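Heads up, the thing below is written out as structure tokens.
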Amino acid sequence: MLADHRIASIETSRVSTRYPRNVGRNARIGNHGTGFDTTAVIVRTDAGASGWGVVEGSLDGADAVVGRPLLDVFDPAAGVTDTAALPLDFALHDLAATILDVPAHTLLGGLGESEVTTYSGAIYFDDLDPDDAPRGLEAVLANCAEDWAAGFRAFKLKIGRGNRWMETEAGFARDVEVTRAVREAYPDARLLVDANNGFSPERTIRFLTAVADCDLFWVEEPFQEEADGLRLLRDHLASTGSRTLVADGEFEPDEPQLLELAAAGLLDVLLMDVVSYGLTAWRRIMPTLAELGVAASPHAWGMPLKTLYAAQMAAGLGNVLTVEGVPGRTEGADTSAYALTDGVLAVPDAPGFAIPLTAPVTTDAVAR
């Protein structure tokens, strides 16, 4: 069926992310705001089929694929096969699955479960805002309550306030206070923490010691990836009998380094972004991770759409431990086929990604 299709045009549109509240700071970056707009790209074929997906980065060069047979640039068993078409990664997966009349997760192999555990990734440093009248701990607890009401049963807490926004010891103390307060308020929730490289190895161990009874699921990006620090961390976890996992690889991932650290037993979960790293890249690397006994959990922060893509990836490729949830809505796309209930995101069985684009197409196509 795919052999009957030739790429006829590439067009663009815009979709908008809208968070339910202002999202504050993390250890490295200032206020994240209430949302933003993102480019969507639509690929159409000469047989009347179409698929779409979001793009992070440039579409330069993508017009070179117009007029070519679909199978020249996309292999359903592997993904994008021509670098010029990589910006079209999600659009081509959506297109191919739609033509074949299968869900994206079936195209990816159907190796995982269609119900995917999902955590809220939106618990930032809102206790520090606004500058002239910080709201304190209650702001974090209010955000947790809002996300619990939205269906989440797990929270990833940002830590590392002393890296930039508070005096070092005061920031560390607040990190501990927040973690303990959320655990007390939600004794049955899965808790994860993310330092965005705002700690040192020694401070990471000190933090984990201070919250040892909070049963953290994982510690994410505690410091810049390096073997000696990760060995210290691993030795600490082993010596204390901790079940806390070490997750890394989101920020500017160095794939060979990450695989080396994973092979050495220093990382448990890899986090490369679902869109900027790409579905084709995840398809390539996942068998290696499975062989190493390392799980995946693609970074999805920023867009609720990324959460849905990551859930499709989890259901398709398997070996995904959990999915990062982004509370909010997407304007310009219909995401109603997906449902989050008691911390589990149900992945639909409809063709493609099952996300109809409702935003108007830009009048100036990238190429026809």
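Condition test on residue 117, is it among the polar types (S, T, N, Q), under 24 Å from residue 65 (Cβ atoms) and surrounded by fewer than 24 Cβ atoms within 10 Å (Cβ to Cβ)? Taking the combined requirement at face value, the residue does not satisfy it. Look through segment 1-47, keep the residues that are in contact with an Asp or Glu (Cβ under 6 Å, 6 or more places away or on another chain) and within 16 Å of residue 58 (Cα to Cα), and return whichever of them is surrounded by the most Cβ atoms within 10 Å (Cβ to Cβ). For segment 1-47, the residue satisfying everything is 42.
Looking across segment 23-47, the residues that are assigned to a strand (DSSP E or B) and over 19 Å from the mean Cα position of the chain (by Cα) come down to 41, 42, 43, 44, 45. Contact map, segment 203-223: first residue assigned by TED's automatic domain parsing to the domain that holds residue 247 and part of a helix (DSSP H, G or I), second residue of a type in the set (Ser, Thr, Tyr) and surrounded by fewer than 24 Cβ atoms within 10 Å (Cβ to Cβ), Cβ cut-off under 6 Å, separation 6 or more or different chains; pairs are 214/179.
Of the residues making up segment 32-58, just one is over 25 Å from residue 98 (Cα atoms) and either touching a Gly at 6+ places or on another chain (Cβ under 6 Å) or acidic (Asp, Glu) (or both), namely 37.
The values are calculated or read from the model by the stated rules, or taken from the named source; none is laboratory data. From a predicted model like this one, the values you see are computed outputs, not experimental measurements. Positions of Cβ are backbone-derived with ideal geometry, glycine not excepted, and every protein chain shown enters the neighbour counts.
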